[in-house]
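So the structure is just underneath, and the comments pick up after that.
The values are calculated or read from the model by the stated rules, or taken from the named source; none is laboratory data. From a predicted model like this one, the values you see are computed outputs, not experimental measurements. Here the Cβ positions follow ideal geometry from the backbone for every residue, glycine too, while neighbour counts run over all protein chains shown. With ligands, DNA and RNA removed, areas are computed over all heavy atoms of the protein, side chains included. Shrake-Rupley method; radii C 1.70, N 1.55, O 1.52, S 1.80 Å.
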Amino acid sequence: MISASAFFFYLFSAILLASAAAVVTSRNPVHAVLFLILAFFNAAGLFLLAGAEFLAMILLIVYVGAVAVLFLFVVMMLDVDFVQLREGVQKYAPVGAAVGAVLFGELWAVVLGWQVSPGADSLQGSPTPANMDNTHALGQVLYTDYVYLFQVSSLILLVAMIGAIVLTHRRREGTRRQNITMQQTRSVRDTLETLQVRMGAGVQELGILRPRPRAEPAEEEPRHEHAAGDH
Amino acid sequence: MLFATAVFAPLLGALLAGLPGRVLGDRAAQLIAICFMLLASVCGVAAWVQHIYLGVPNGVVPVADWITAGDFRLQWALQYDTLSTTMVAMVTCVATLIHIYSVGYMAHERFTTSRFFGYLSLFSFSMLMLVTANNLVQLFFGWEGVGLCSYLLIGYWYDRPSACAAAIKAMIVNRVGDLSFALGIAAVFLRFGVVDFSTIFAAVPAHVDDMYHLLGTDFRAYEVIGVLLFIGAMGKSAQIFLHTWLPDAMEGPTPVSALIHAATMVTAGVFLMARMSPLMEYAPGALGMVTFIGATTCLFAATIGCVQNDIKRVIAYSTCSQLGYMFLAAGVGAYQASVFHLITHAFFKALLFLCAGSVIHAMSDEQDMRKMGGIWRRVPVTYAAMWMGSLALGGVFPFAGYFSKDAILNAAFESGSGIGLYGFACGSAAAFLTAFYSGRLLFMTFHGAPRADHHTMEHVHESPLTMTGPLMALSVGAVLAGWWFYPQFIGSLQQAYWQGALFNGANNHVLQRLEDVPAVIALLPSVLGLAGFAIAVWFYIINTALPVRLAERFRPVYLFLLNKWYFDELYDRIFVKPAWFLARLLWHTGDETLIDGVPNGLAELTVDGSRQAVRIQTGSIAIYAFTMLIGLVGLVSIFLFNR
Amino acid sequence: MMNWAAASPEIFLAVAGMAILLFGVLLKKENAALCTMLVLGAFAATFVMVMQTVPQTAYSSLFVTDAFASYAKLLILAGGALTMVLSLDYNERQGIGRFEFPVLMLFSTVGMMTMASAANLMTLYMGLELMSLSIYVLAAFAREELRSAEAGLKYFVLSALASGLLLYGISLTYGFAGTMDFAKLPDAVTGVDGVSTGLMVGIAFVIAGLAFKLSAVPFHMWTPDVYEGAPTPVTAFMSTAPKVAPFVVLLRVLIGPFGHVSVQWQPIIEVVSIASMLLGSFAAIGQTNIKRLMAYSSIGHMGYALVGLAPGTESGVRGVLIYLLTYVAMSAGAFACVIAMRRQGKSVERISDLAGLAKTDLPLASLLTLFMFSMAGVPPFAGFFGKLYVFLAAVQSGLWLLAIVGILTSVVACYYYIRIIKVMFFDAPAPAFDTRSASVSFVAIASGMFTLLFVLALGPFTGAAEAAARVLFG
């Protein structure tokens, strides 16, 4: 009779492995992402079993809540030809399999010959104090002992942010931006005009094109016409 | 001080005349070179006089430290003894005269002659360095310097292919001898651990019984050293087998020939034998070889000299022959006689060459005697000088050659050994031939009907004073040198004169016995000489058709002699052709295919490897990632297998 | 009590970076040059602060300041500053002159300094990520250009893989030792009989992760593409400071905590080193683009520097430190010359564009010649001494193979270095380059002077490197 924790360990592990395999093999990319989410859930379960509830929650919030959903959006919004991508996979499959097999064999050897340094326990940097849960313990060291690393992580995030902006942000011509100063300083007179409109006369005859044509290119004319018609 | 000045003044002259010669102009360069040579000759003669007559003892003039390598220390120093002072005095005097003569001879050159005078002075300096060396390495320096300068001067007219070929030939043939000489020096060094003469000679008796074991046979060390040194001397002194460069060296300007043949270069070998006499005396086998080669050369060169038609070649072969005499003398232990002949020969051979140059000058650069004749009235000074030179060369009493040649033949006879008698026989025959070809040269050149064309004959004229002056000075030497120096060099005063500079072994009494030879033997050279002249008169004045008939009658012999015993052809077959073949083989197979091929192949391999290396660089991220993973697997595997 | 002051240079630099960022955002005008100047000022101030740090351990032994770290930081700051100066003119002419550029470089530098001071595998990793993330963005900074965007993405993806390997290695190590602290790891490593398989594989993964940043073979594949695609100042940057930081961290990790198992990791370093030297010299031969060529050259140089690490001796580490010093100078100088390659307002990168440069612009040609000779290892230039010291260390430890391969590949490398010189001096001249700005000339001349005169100041630099190396073995 196996214990409950062992039962859940094997359960989570099995589902984790299966869904990880499904991520790679499923033909539909949306399915793949969904399997990924499933894998994350099971990994979180494993973390919970190991007593790392903080990591488990972070995994759910960050990876499932943000990253995976972002993936999903990207997959659905971008027109990625997965069939074409898969061709590459098939081409490299034999080599990949061979390399993978060797690597797996070596890692298996590692697992079989696993040993832990006799002094490992005593060498631990910040062991979890007794009678304290994992989150609490993390909180105690994160901003004290590990403050330097914490700050470096924040710098990494800052760089990521700068990078995202630098690489994607651009001022396109023709896009409308909000200009607050202009918005605040304009008056009714600038924007609103009352006109007398004759029956049966077109806008062109009346000369009430709106907005007033500045030195705009000719091809934009029809759109304005249409707008005026609505008016 | 005087001595050092005599040695180094020519160097200074060479540098000052040769290097900035173009800037200074011809006249200034000539003046500088001649002034320094004059200074050198004055100092040289003064140093000699000091030593001989004023009793300044033997010594060493240190110049500088040269080599210090571990225990091996070498000083740059000048040997001051009778042999070196005598040589210095002779070399500087003769070289000075040749310098002066060159001013006239080279007057018609198209290009500036400063280079020529620079070379001449450098040549003299090298020779002085050679004769004043107090150790073998320094001697080798001068030896090679002489070789270099001879190359430069023989090839002075570098726009003539034949001159370049002759220069290269002189260089290469000398290399053979030089290699042997270098080996000899090395052998001496191995045996004695030093290279300076005084130490070597002091240690010579201690090593008499040293042996070399080679190829299962024992060789006495001194024999090996002696033979090696002698082969070196053979190269420099153009003895048979290594003589082929000397006649070709006639391609240089005539003053150069005079310098090479009289004062410098070729006498170096004889000098080496004399200088190394304390060692050679203990190597009877090597001396036998010296005698044999010397005697053979003596006769061999004389036979060729009899049929050559180029005026300078005749004289060249006569030099070869006379050098044979000198070696013959050295071989039988009469080093004094050898050096004596060297000195007298220097005077009359320089004289003969300068005369020949004067004749050539007069004949508008014609060298073939068959196209001369009948000019004796037009060039009286040259004619007279030539007579004196020829009589000296022919060994007619009382000219210089008589005394020295007589002494050599007597010594050869007195040595008593079989090889000595062989030398005597060869020497006597050669003496006859010498007189014959000297006469032939004289008569063909100056007498008979003019054979040159009208145009040339019109221009025949006596040379300017710069040329005839040296001729006259040398004539005095050619006439008087033998008679004057005879007592000192080999006669009753010789012990006092040499002051131990030359060494005669304990059982070597050749010199003492020179006076004891039978009268018949003593008179033989003169008789033979006169006979030779007489036959020459008969052949070329009285019955001029006879030589032609003889030549036709004995055509093979004639051709054999005319073609110089076919030595050039033989060497061409034995050495030159195989060398060409080997060179071609090495060039095409060795160099082009292998040596070039390996780096070329490597380069191609490299480029190929480069192409392979970047082939995987396709730009595909997947491949890059795979490469990384494969690399990782590789590293982990190394790790796992290496535990 | 926490000793905050230990990291004061990093903190100062980071705060200055954020202030400059804020300044740049608020100023709104074209202000890239101004921000660059400010960042350079911050670098200078940090440089002084680093010089004045005292050796200590701080932040629960996550962070260490010692002579080794200081040496590395000064080198990193110098390399960063030099390439920053290069960006001044290039970015403006290329139309990518934006104030985020220097700020990103600054944050990258903070990351590298963190790496140099790492006393814990976690610190190492955080510093590495801060450094790398900035560089991804910088590589793609010319976003209008396809090549640049591709370079950024490629580097990012492959780097993520490498980071994964590094993290996995760290976790294996942690799993074995229960600690990531460099000071405690040696005890854990020596605590067992023999060597744990897990630990060894962990070390291999850590080496792989760091070797990627060094662009050592077989983790070099990104280098040519990224070097070519990235804006040239970024390429220059990538080949200087971001090579130094991973290298010093690799030195610290392998010599410090894993020094006792050097017999185990030595073959890996040897293989990586030999492969890098071979590829660096051979693959560069066929290149026509000078930036790609520099990429392969950089791979080769890392191979040579690794020769010094392989023996795991003090003299080897000293050799590596000197090598990195000379390499940074040569690289900055060479890239200054590459940036000066500009014709009619357009940047040109082909080697054939250099044809006959000696006739049109002798000073530039001479400088580039100097750098090429130095990179080829021709005495008496700086590059020669770097090679000399690492090869010497290898030979002293009996690693003849490394030294021999090093020397042979140097010969091969000479070919392509000297080919550039040949193109400049003997080929028919191409049209002249545009006038270069003073900033580019400054970097080229400064690096040139260093490369040329290094031989005169050999003593002080060697002394500093020696002092730094001694820390690891102290």
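Could you list all residues from segment B:260-290 that are out of contact with any strand residue (DSSP E or B) (no Cβ under 8 Å at 6 or more places or on another chain), over 22 Å from B:LYS349 (Cβ atoms) and in a helix (DSSP H, G or I)? Result: B:SER277, B:PRO278, B:LEU279, B:MET280, B:PRO284, B:ALA286, B:LEU287, B:GLY288, B:MET289.
C:PHE442 - would you say it is surrounded by 15 or more Cβ atoms within 10 Å (Cβ to Cβ) and in contact with a strand residue (DSSP E or B) (Cβ under 7 Å, 6 or more places away or on another chain)? For C:PHE442, the condition - surrounded by 15 or more Cβ atoms within 10 Å (Cβ to Cβ) and in contact with a strand residue (DSSP E or B) (Cβ under 7 Å, 6 or more places away or on another chain) - is not met. Meeting the requirement of 1 or more residues that are polar (S, T, N, Q), the helices (runs of 4 or more DSSP H) wholly within segment B:1-57 are B:2-18, B:26-53.
For first residues located in segment B:615-643 and within 7 Å of chain C (Cβ to nearest Cβ) and over 18 Å from C:ALA283 (Cα atoms), partners that are of a type in the set (Val, Ile, Thr) and not in a helix (DSSP H, G or I) and lie 6+ apart or on another chain with Cβ distances below 7 Å form the pairs B:ARG643/C:VAL195. Looking only at residues in segment A:129-158 that are polar (S, T, N, Q) and open to solvent by less than 80 Å² (accessible area, probe 1.4 Å), which one is farthest from the other protein chains (Cβ to nearest Cβ)? That would be A:THR135. For segment B:452-495, how many residues meet the condition of being farther than 30 Å from B:VAL103 by Cβ, in a loop (DSSP other than H, G, I, E, B) and in contact (Cβ under 8 Å) with a residue 24 or more places away in the chain? Counting residues in segment B:452-495 that are farther than 30 Å from B:VAL103 by Cβ, in a loop (DSSP other than H, G, I, E, B) and in contact (Cβ under 8 Å) with a residue 24 or more places away in the chain gives 1.
Summed over segment B:244-295, residues that are closer than 30 Å to B:CYS164 by Cα and either of a type outside the set (S, T, N, Q) or open to solvent by 10 Å² or more (accessible area, probe 1.4 Å) (or both) total 26.
Scanning segment C:179-193 for residues that are facing chain A (nearest Cβ under 9 Å), at pLDDT 85 or above and open to solvent by 20 Å² or more (accessible area, probe 1.4 Å) yields C:MET180, C:LYS184.
Please pick out the residue among C:PHE176, C:PHE205, C:PHE237 that is away from chain B (no Cβ under 11 Å), closer than 22 Å to A:LEU112 by Cα and part of a helix (DSSP H, G or I). Reasoning before the result, please.
Values: C:PHE205 fails: away from chain B (no Cβ under 11 Å); C:PHE237 fails: closer than 22 Å to A:LEU112 by Cα.
When all the criteria are applied, what remains is C:PHE176.
Quick check on segment B:221-233. Is at least one of its residues under 21 Å from B:THR297 (Cα atoms), in contact with a Lys or Arg (Cβ under 6 Å, 6 or more places away or on another chain) and surrounded by 22 or more Cβ atoms within 10 Å (Cβ to Cβ)? Looking for residues that are under 21 Å from B:THR297 (Cα atoms), in contact with a Lys or Arg (Cβ under 6 Å, 6 or more places away or on another chain) and surrounded by 22 or more Cβ atoms within 10 Å (Cβ to Cβ), one finds none in segment B:221-233, hence no. Among the residues of segment B:554-562, some residue qualifies, meaning at least one is farther than 22 Å from B:PRO247 by Cα and either open to solvent by less than 100 Å² (accessible area, probe 1.4 Å) or outside any helix (DSSP H, G or I) (or both).
For every residue, the table says whether it meets (1) outside any helix (DSSP H, G or I); (2) more than 13 Å from chain A (Cβ to nearest Cβ); (3) touching a Leu at 6+ places or on another chain (Cβ under 7 Å); (4) surrounded by fewer than 16 Cβ atoms within 10 Å (Cβ to Cβ).
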site: C:LEU13; (1), (2), (3), (4): no, no, yes, no
site: C:GLY17; (1), (2), (3), (4): no, no, yes, no
site: C:VAL39; (1), (2), (3), (4): no, yes, yes, no
site: C:ALA42; (1), (2), (3), (4): no, yes, yes, no
site: C:ALA45; (1), (2), (3), (4): no, yes, no, yes
site: C:VAL54; (1), (2), (3), (4): yes, yes, no, yes
site: C:SER61; (1), (2), (3), (4): yes, no, no, no
site: C:ASN91; (1), (2), (3), (4): no, no, no, no
site: C:LEU104; (1), (2), (3), (4): no, no, yes, no
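As a summary of the residue check, C:GLY256 satisfies the conditions (1) crowded, with 24+ Cβ neighbours inside 10 Å; (2) modelled with pLDDT under 90; (3) more than 14 Å from chain B (Cβ to nearest Cβ) except for the one numbered (1).
Among the residues of segment B:393-412, those that are open to solvent by 10 Å² or more (accessible area, probe 1.4 Å) and more than 10 Å from B:VAL517 (Cβ to Cβ) comprise B:VAL396, B:PHE397, B:PRO398, B:PHE399, B:TYR402, B:PHE403. Taking (1) polar (S, T, N, Q); (2) over 30 Å from B:ALA283 (Cα atoms); (3) in contact with a Gly (Cβ under 8 Å, 6 or more places away or on another chain) in turn, B:SER364 satisfies each apart from (3).
Return yes when C:THR65 is open to solvent by less than 20 Å² (accessible area, probe 1.4 Å), within 8 Å of chain A (Cβ to nearest Cβ) and closer than 20 Å to C:ASP181 by Cα and no when it is not. For C:THR65, the condition - open to solvent by less than 20 Å² (accessible area, probe 1.4 Å), within 8 Å of chain A (Cβ to nearest Cβ) and closer than 20 Å to C:ASP181 by Cα - is not met. Taken over segment C:1-11, residues that are more than 17 Å from A:LEU155 (Cβ to Cβ) and either of a type outside the set (A, V, I, L, M) or within 12 Å of chain A (Cβ to nearest Cβ) (or both) amount to 4. When segment A:82-98 is filtered for residues that are over 12 Å from A:VAL24 (Cβ atoms) and at pLDDT 80 or above, the ones remaining, listed by number, are A:PRO94, A:VAL95, A:ALA97, A:ALA98. Name the residue, out of B:ALA47, B:ALA4, B:ALA9, that is free of Cβ contacts under 8 Å to residues at least 40 places away in the same chain, aliphatic (A, V, I, L, M), open to solvent by less than 30 Å² (accessible area, probe 1.4 Å) and in contact with a Leu (Cβ under 8 Å, 6 or more places away or on another chain). Step by step, each of B:ALA47, B:ALA4, B:ALA9 is checked, and only B:ALA9 is free of Cβ contacts under 8 Å to residues at least 40 places away in the same chain, aliphatic (A, V, I, L, M), open to solvent by less than 30 Å² (accessible area, probe 1.4 Å) and in contact with a Leu (Cβ under 8 Å, 6 or more places away or on another chain).
Restricting to segment C:259-287, give me the number of residues that are assigned to a helix (DSSP H, G or I), among the polar types (S, T, N, Q) and either farther than 19 Å from C:GLY406 by Cα or within 9 Å of chain B (Cβ to nearest Cβ) (or both). Talk me through it step by step, then tell me what you get.
Just the residues of segment C:259-287 that are assigned to a helix (DSSP H, G or I), to begin with: C:259-286.
Adding the requirement that they be among the polar types (S, T, N, Q) leaves C:262, C:264, C:266, C:273, C:276, C:281.
From the residues that got through so far, the ones that are either farther than 19 Å from C:GLY406 by Cα or within 9 Å of chain B (Cβ to nearest Cβ) (or both) too are C:262, C:264, C:266, C:281.
Within segment C:259-287, residues that are assigned to a helix (DSSP H, G or I), among the polar types (S, T, N, Q) and either farther than 19 Å from C:GLY406 by Cα or within 9 Å of chain B (Cβ to nearest Cβ) (or both) number 4.
From the list B:LEU139, B:LEU179, B:LEU153, which residue is open to solvent by 50 Å² or more (accessible area, probe 1.4 Å), under 17 Å from B:LYS236 (Cα atoms) and assigned to a helix (DSSP H, G or I)? Just a single option satisfies the conditions, and that option is B:LEU179. Scanning segment B:222-249 for residues that are at negative phi, touching a Gly at 6+ places or on another chain (Cβ under 9 Å) and not in a helix (DSSP H, G or I) gives B:GLN239, B:ILE240, B:LEU242.
What about A:ALA201, is it modelled with pLDDT under 85 and of a type in the set (Gly, Ala, Ser)? For A:ALA201, the condition - modelled with pLDDT under 85 and of a type in the set (Gly, Ala, Ser) - is met. Taken together, C:SER196, C:SER215 contain a single residue that is farther than 16 Å from B:GLY631 by Cβ and either modelled with pLDDT of 90 or more or within 12 Å of another protein chain (Cβ to nearest Cβ) (or both), which is C:SER196. A count restricted to segment C:416-428 and to residues that are open to solvent by 70 Å² or more (accessible area, probe 1.4 Å) and farther than 15 Å from C:LEU370 by Cα stands at 2. Going by the conditions given, is B:LEU153 without any contact (Cβ under 8 Å) to a residue 60 or more places away in the chain and among the aliphatic types (A, V, I, L, M)? Answer is no for this residue. Comparison of C:VAL110, C:VAL137 shows that the only residue that is within 21 Å of A:THR168 (Cα to Cα), buried (at least 24 other Cβ atoms within 10 Å of the Cβ) and within 14 Å of chain A (Cβ to nearest Cβ) is C:VAL137.
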